[in-house]
Every structure is written in C-alpha cells, then in structure tokens.
Amino acid sequence: MKLPKLSARMVAPIAALVVAGLTATACAPESSDNSGGKDEKSGTLRVWLFQEVDTAPKEKVVDGVVAAFEKAHKGTKVDVQYIPVETRAEKIKAAFNDPKSAPDLIEYGNTDTAGYVKDGGLADITKEFTDWSESKDTDPTAKQSVTVDGKIYGAPYFVGVRALYYRTDIFKELDLDVPKTQSELISTAKAIRQAKPELYGLAVGGAYTYGAMPFIWSNGGEIAEGKGGSYASTIDSAAAQKGITAYTSLFGDENCPAAKCASMGGNDTVTAFASGKAGMAIGGDFSHSAIEAGKVKGKYAVVPLPGVKSGEIAPAFAGGNNLGVLNSTTHRSLAVDLMEQLASKKAQDELFDAMGFLPTFTDVRQDVAKREPFVEPFVKTLGAGAKFVPASPAWSQIDASLVLPTMFQEVVSGRKSVAAASKDAAKKMNTAFSSAG
C-alpha cells in the first residue's frame with residue numbers, strides 16, 4: 001500500500017496551545033466586531049490556507065469540498081488562496097487591521113491561537129462548534145488547541161506528535177529489548193553507544209524543546225500554571241527539575257557528545273537517525289517520509305516514548321493546525337459552514353490520504369491507523385494524553401528568546417546546575433508572562 005506523502009510543515013511549531021490539565025485564566029479580550037453586524041447569505045467567501053511543500057494533493061481535497069459547498073449555496077463563490085507559512089504572521093496581522101482586504105476564513109497554526117485571540121482577529125464560535133454534530137468526536141487535546149478561557153475560536157484541522165524511532169537491526173545484533181521505561185531508554189541508549197561508539201545511542205538536542213518536554217511531563221513537571229489572570233512558570237519545580245536531569249543525562253560521551261549535540265534541534269536528530277548515525281531518535285509522524293527516504297529504510301520501527309513507569313507513555317507535545325473564522329467577516333454563517341466542511345471527518349480522512357495529516361477526530365484516526373500501520377504508535381501516544389505550552393501570547397517571546405534551549409545548554413555545558421538554570425529560565429518566562437498581561 002502506498003504511504004501518504006507527509007508535509008514537512010507538520011513539524012510541530014515551537015509554541016502552541018495550552019498546558020494540559022491547566023485552565024487558561026487570562027481572560028480573552030473582547031474582540032472588536034468589524035462586520036457591522038452583517039451576515040450575508042451569498043457573495044464571495046475568501047479563504048487563506050497554507051502552502052505545502054507540494055500543495056497539489058491538498059488543493060484536490062479542498063477543491064472537492066468547495067465544489068460541494070458552492071453547489072449547496074447558490075449565489076456563493078469561494079476564492080481560496082494558498083499563502084506561505086513563513087510570512088503568515090505579517091499577512092494575517094495586516095488582515096486583522098484591514099477588514100476590507102481580510103479573508104473570511106483562515107488556516108492557522110495552533111501556536112497562534114492565543115495571540116490571534118488577543119489581537120481580536122478570530123471570531124468566538126463556541127455555540128456553532130458545540131452544535132456541530134461531528135464536534136463530539138474531536139480529540140479533547142485538539143479541542144484545547146482552539147480554546148482560550150473556555151471559548152472556542154476555530155475547528156482543529158490536523159495534529160502531529162512524536163514517538164520513539166529505533167533501529168531494529170541494531171537491537172537484534174546487540175540483543176537489546178525495546179525500552180519500556182524512561183530509565184531503560186537511557187540505559188539502552190548508553191549500551192548502544194558503548195557497543196558502537198560511532199553512533200549516538202539516542203540522538204538528542206539541546207535545542208530540541210519538544211524532544212525534551214516529554215521527560216519533564218512524565219516526571220510530573222509542567223511548564224507553567226495559571227495564576228492571577230496570567231501564568232507563572234513552574235519549570236523550576238522539583239518535578240520539572242527531575243525531568244530536566246533525566247534529559248540532560250543523555251548528553252555526553254556515553255550517548256550524545258555535548259560538543260555536537262548541545263546545539264542540535266529536532267530536525268538534526270531526525271537527520272542523524274535517517275542517515276544511520278543513531279540507534280534511536282524521538283521523531284514525529286511527520287518525520288516518517290524523511291526516515292523512509294534515508295539509509296535506515298526497512299531497518300527501523302516505532303513505539304510510543306516510554307514514561308517513568310513500565311506501561312506508561314510519556315506525554316508528547318501535540319502540534320498541528322486549525323481553521324478559524326475572522327471576526328470581521330460579513331458572511332459569518334457561510335464561513336462557519338465552510339469551516340466545518342473543510343474540517344469535517346470526510347475531508348480530514350481525505351487529507352490524511354493526500355498529505356499524511358493526522359485527523360483530529362478520534363474515530364477517523366483509528367480508521368486511518370488500520371489502513372496505515374505506521375500511524376499506530378502516534379495514535380496511541382495521542383490517546384494517552386498530549387500536552388501543550390501555555391495559551392499565552394507571551395509564549396512566542398519565550399520561544400524567540402530561546403529560554404528553554406538556553407536552560408538545557410547551560411546544564412549540558414556544566415555552566416549551571418539544573419536548579420540554577422531552571423530558576424533563571426523561570427524568571428525569564430515570568431517576565432514575559434507579566435509583559436503579555
């Protein structure tokens with residue numbers, strides 16, 4: 001069976017949704033309604049979706065949805081534009097400030113939810129989403145990605161998570177068992193390195209934030225918690241420090257030399273594995289095509305990243321994209337209907353076949369996992385409960401200033417202890433949270 005082509009853009013962006021289990025206490029601002037109260041039932045709907053490495057398969061799915069929508073709504077035309085992901089922030093922000101040129105419906109990264117809500121750009125569609133018959137099967141973690149302060153600002157479009165890739169040939173040669181706990185993962189990584197010093201046991205990166213976070217989350221740590229209408233960092237808590245210690249123990253000559261690995265990001269670790277330079281790596285469902293195209297094709301398998309205790313799955317960061325209606329639309333009802341059609345079970349199933357995007361509906365995800373076995377470990381990981389970063393516009397500042405990578409690198413280099421580095425990171429995060437309000 002032919003495997004679907006996976007989009008490179010499915011790499012979960014560095015900033016995102018909400019800390020699982022936390023409630024965003026920061027109240028969303030009252031969005032300014034620039035529509036003048038209009039809800040026109042015909043006319044042209046403008047839609048902005050993201051360009052892909054190869055957009056053609058996505059366009060085919062979208063075109064099918066649009067054709068059916070236009071047939072069902074006489075007098076309505078849909079104008080779809082595919083915009084570059086790299087320049088989305090400026091283009092969408094400009095649209096928020098100029099309603100006349102703005103689209104009615106956009107695709108946006110789940111990383112952008114909190115910021116767009118703060119800017120007043122996205123419409124609150126809580127009632128429509130709740131009334132949508134298919135929404136009851138939305139993965140709760142995906143639903144969180146469109147939720148700020150209990151209000152819903154879009155429909156989840158697809159998700160992506162990471163799991164553990166490992167070399168089946170090396171495990172067989174060295175008579176190694178697949179790790180079932182975090183401690184076994186660490187000891188197995190060091191065993192591979194000892195037996196084969198030309199390899200990294202487990203490729204890790206000091207700049208690989210979302211490869212590191214499962215270690216913190218599985219040890220009971222969190223990034224931040226809601227406090228006083230904003231957030232307060234908890235990256236320096238005892239539990240979080242335990243996870244930081246576990247992750248940073250993988251840097252050194254016994255596994256992944258700090259001189260090389262401290263600066264590596266997620267793509268670097270996946271590249272190392274795909275090129276045959278590592279026994280294991282933490283990669284996404286979106287990494288599958290790159291690894292299939294590498295030297296290890298046919299010599300690897302994937303399992304969920306183990307947690308602290310045997311049988312546990314370490315919480316993974318869930319990235320992905322959403323669809324949202326702009327607050328300025330003069331075609332609200334039509335825009336919401338089109339959003340629901342584009343994000344429907346049928347369309348998400350077709351998008352998986354076309355692009356490899358993991359569906360946000362639990363039942364559809366189970367169906368695609370039966371068709372494509374490589375998806376199963378990622379589906380299991382999502383089912384075990386994914387995690388996110390705070391639903392605060394401050395997160396983009398925290399990410400841009402490399403607060404967490406700096407923390408990991410300070411520990412790995414020996415410049416600071418885990419306690420000192422995490423305390424400094426917490427201070428930087430709290431400054432950002434305070435400035436964001």
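Listing for the model above:
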{"read-out": "Pro306, sole failed condition from (1) open to solvent by 30 Å² or more (accessible area, probe 1.4 Å); (2) at pLDDT 95 or above; (3) under 19 Å from Thr168 (Cβ atoms)", "value": "(1)"}
{"read-out": "Among the residues listed as Ala67, Ala89, the single one being without any contact (Cβ under 8 Å) to a residue 24 or more places away in the chain, in contact with a helix residue (DSSP H, G or I) (Cβ under 8 Å, 6 or more places away or on another chain) and either part of a strand (DSSP E or B) or open to solvent by 20 Å² or more (accessible area, probe 1.4 Å) (or both)", "value": "Ala89"}
{"read-out": "Qualifying positions in segment 124-149 - over 23 Å from Phe374 (Cα atoms), open to solvent by less than 50 Å² (accessible area, probe 1.4 Å) and either among the polar types (S, T, N, Q) or under 20 Å from the mean Cα position of the chain (by Cα) (or both)", "value": "Thr126, Ser135, Ser145, Val146, Thr147, Val148"}
{"read-out": "Verdict on Val325 being in a strand (DSSP E or B), at pLDDT 95 or above and β-branched (Val, Ile, Thr)", "value": "yes"}
{"read-out": "Residues (among the charged types (D, E, K, R) and crowded, with 17+ Cβ neighbours inside 10 Å) located in segment 228-253", "value": "Asp236, Lys242"}
{"read-out": "Selected residue (only one of Glu184, Glu173 is among the acidic types (Asp, Glu) and surrounded by 15 or more Cβ atoms within 10 Å (Cβ to Cβ))", "value": "Glu184"}
{"read-out": "From the options Asp353, Asp349, Asp363, residue that is farther than 20 Å from Lys151 by Cα, charged (D, E, K, R) and without any contact (Cβ under 8 Å) to a residue 40 or more places away in the chain", "value": "Asp349"}
{"read-out": "Residue count, segment 70-86 (criterion: within 24 Å of the chain's Cα centre (by Cα), open to solvent by 30 Å² or more (accessible area, probe 1.4 Å) and not acidic (Asp, Glu))", "value": "3"}
{"read-out": "Flag for Ile125 being farther than 30 Å from Glu340 by Cβ, out of contact with any Ser or Thr (no Cβ under 8 Å at 6 or more places or on another chain), of a type outside the set (Phe, Trp, Tyr) and in contact (Cβ under 8 Å) with a residue 24 or more places away in the chain", "value": "no"}
{"read-out": "Scan of segment 92-123 for residues that are under 26 Å from Val364 (Cβ atoms) and either open to solvent by less than 10 Å² (accessible area, probe 1.4 Å) or outside any helix (DSSP H, G or I) (or both), ordered by number", "value": "Asp104, Leu105, Ile106, Glu107, Tyr108, Gly109, Asn110, Thr113, Leu122, Ala123"}
{"read-out": "Residues within segment 384-431 that are surrounded by 24 or more Cβ atoms within 10 Å (Cβ to Cβ) and either among the small types (Gly, Ala, Ser) or not in a helix (DSSP H, G or I) (or both), tallied", "value": "11"}
{"read-out": "Evaluation of Phe361 against (1) aromatic (Phe, Trp, Tyr); (2) at pLDDT 95 or above; (3) open to solvent by 10 Å² or more (accessible area, probe 1.4 Å) (one fails), failing number", "value": "(3)"}
{"read-out": "Residues satisfying the stated conditions in segment 151-180, i.e. free of Cβ contacts under 8 Å to residues at least 40 places away in the same chain and within 30 Å of Leu105 (Cα to Cα)", "value": "Ile152"}
{"read-out": "Members of segment 267-285 that are under 21 Å from Pro315 (Cα atoms) and buried (at least 24 other Cβ atoms within 10 Å of the Cβ)", "value": "Thr269, Val270, Met280, Ala281, Ile282, Gly283, Gly284, Asp285"}
{"read-out": "In segment 344-358, the residues that are of a type in the set (A, V, I, L, M) and either under 16 Å from the mean Cα position of the chain (by Cα) or open to solvent by less than 10 Å² (accessible area, probe 1.4 Å) (or both)", "value": "Ala347, Leu351, Met355, Leu358"}
{"read-out": "Flag for Gly266 being within 19 Å of the chain's Cα centre (by Cα) and modelled with pLDDT under 95", "value": "yes"}
{"read-out": "All positions within segment 135-149 that are of a type in the set (D, E, K, R) and either outside any helix (DSSP H, G or I) or in contact with a Phe, Trp or Tyr (Cβ under 7 Å, 6 or more places away or on another chain) (or both)", "value": "Asp137, Asp139, Asp149"}
{"read-out": "Residue that is modelled with the highest pLDDT [pool: residues in segment 309-322 that are within 19 Å of Tyr108 (Cα to Cα) and not small (Gly, Ala, Ser)]", "value": "Asn322"}
{"read-out": "Among the candidates Lys299, Lys295, residue that is surrounded by fewer than 17 Cβ atoms within 10 Å (Cβ to Cβ), closer than 25 Å to Ala195 by Cβ and in contact with a strand residue (DSSP E or B) (Cβ under 7 Å, 6 or more places away or on another chain)", "value": "Lys299"}
{"read-out": "Residue match in segment 57-64 (condition: part of a loop (DSSP other than H, G, I, E, B) and at pLDDT below 90)", "value": "no"}
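Per-residue answers, yes or no, for (1) touching a residue at least 40 places away in the same chain (Cβ under 8 Å); (2) farther than 24 Å from Gly220 by Cα; (3) among the small types (Gly, Ala, Ser); (4) part of a helix (DSSP H, G or I):
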residue	(1), (2), (3), (4)
Phe273	yes, yes, no, yes
Gly279	yes, yes, yes, no
Gly283	yes, no, yes, no
Ile291	yes, yes, no, yes
Lys297	no, yes, no, no
Ala301	yes, yes, yes, no
Ser310	yes, no, yes, no
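The values are calculated or read from the model by the stated rules, or taken from the named source; none is laboratory data. In this text the structure is predicted, and so the values were computed from the model without any measurement. Here Cβ is always computed from backbone atoms with ideal geometry, including for glycine, and neighbour counts include all displayed protein chains. What goes into the accessible areas is simple: the full protein's heavy atoms, side chains included, and nothing from ligands, DNA or RNA. Shrake-Rupley method; radii C 1.70, N 1.55, O 1.52, S 1.80 Å.
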